[in-house]
Amino acid sequence: MLEIENIKWLENWISDMFKFKSTNKNPLIIRTIDNPGWRISINLEDTYFYSKSIDYQEREVDDSDWVQFWVKDGFFQAAGGARNLNQMLGIFRQWVETGIY
């Protein structure tokens with residue numbers, strides 16, 4: 001159920017953040033990568049988080065269970081293994097809700 005909660009939370013956050021702003025193009029991009037895995041890019045323009053940063057962090061359990069994330073130049077960026085999408089969304093959610101990472 002937590003997976004759905006993170007997706008619902010992200011839907012609400014995107015809707016709330018960009019409801020009245022038409023300038024932010026592509027606020028969220030989620031795509032697959034070839035090793036296999038996921039890549040997330042969230043444009044933080046016009047949000048409180050735009051000027052914030054997170055130094056590059058990496059967590060690796062093994063070749064298929066890994067996550068990298070950072071915030072730089074107004075973008076939250078994350079990459080991870082094929083089964084780590086929810087974890088990456090959870091990292092973004094925790095950072096937004098608590099400011100910690």
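The values are calculated or read from the model by the stated rules, or taken from the named source; none is laboratory data. Here the structure is a predicted model, which is why all the values come from computation and not from measurement. Glycine gets a Cβ as well: all are built from the backbone with ideal geometry, and neighbour counts include every protein chain shown.
What residue, of ASN6, ASN43, ASN12, is at pLDDT 90 or above and under 16 Å from TYR101 (Cβ atoms)? Exactly one residue qualifies, and that residue is ASN6. State yes or no: is THR47 β-branched (Val, Ile, Thr), over 11 Å from the mean Cα position of the chain (by Cα) and surrounded by fewer than 17 Cβ atoms within 10 Å (Cβ to Cβ)? No, not satisfied. Of TRP70, TRP38, TRP95, TRP66, all but one fail to be surrounded by 15 or more Cβ atoms within 10 Å (Cβ to Cβ), assigned to a helix (DSSP H, G or I) and not small (Gly, Ala, Ser); the exception is TRP95.
Of all the residues in the stretch 63-82, those that are over 17 Å from TYR101 (Cα atoms) and at pLDDT below 95 number 2. How many residues are free of Cβ contacts under 8 Å to residues at least 24 places away in the same chain and of a type in the set (A, V, I, L, M, F, W, C) when one looks only at the stretch 70-93? Total meeting the criteria: 1.
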